[in-house]
Amino acid sequence: MGRRRTQDQERGLRPLYPQLPENWVSRAIRVSMPASGWRLLDGLVARAAEETQTGARAVGQVLMTLMRTEAAIAREPHWLDFERQKAARLLDSARAA
């Protein structure tokens, strides 16, 4: 019989899932990885699911955490970057002299 309308419902059916927080967007993605990667992701999602309302939000939380971690690592200066900058400064000062 499916889902039924409530008395005060003008049109449509009530949503199955809670409304998304502001600025959240739901998208379906297709991902391939080895079984070991899926086991790792499933473990992370299981831990995140304790704090979220739905499995999809748990996956989103895990992905956002991983992306933030990667972005933070990418922002950290590497010692080679310092050496390159130092060499460029030396070359510039040698050219100017």
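The values are calculated or read from the model by the stated rules, or taken from the named source; none is laboratory data. Fair warning: this is a prediction, and the values are worked out from it, not measured in the lab. Here the Cβ is made from the backbone with ideal geometry for all residues, glycine too, and neighbour counts use every protein chain on show.
Structural remarks
- Any hit, segment 12-31, residues being assigned to a helix (DSSP H, G or I) and exposed (fewer than 12 other Cβ atoms within 10 Å of the Cβ): no
- When segment 55-70 is filtered for residues that are in contact with a Phe, Trp or Tyr (Cβ under 9 Å, 6 or more places away or on another chain) and among the basic types (Lys, Arg), only ARG57 remains.
- The single condition among (1) of a type in the set (A, V, I, L, M, F, W, C); (2) modelled with pLDDT of 70 or more; (3) under 19 Å from THR54 (Cβ atoms) that LEU13 does not meet is (2).
- Pair list, Cβ < 7 Å and 6+ apart or interchain, from segment 24-38 residues that are closer than 19 Å to GLN61 by Cα and of a type in the set (Ser, Thr, Tyr) to residues that are surrounded by 10 or more Cβ atoms within 10 Å (Cβ to Cβ) and at pLDDT below 85: SER26/LEU20
- Of the residues making up segment 72-89, those that are part of a helix (DSSP H, G or I) and of a type in the set (Asp, Glu) are ASP81, GLU83.
- Each residue in segment 32-71 was checked for being surrounded by 11 or more Cβ atoms within 10 Å (Cβ to Cβ) and in a loop (DSSP other than H, G, I, E, B), and 3 of them qualify.
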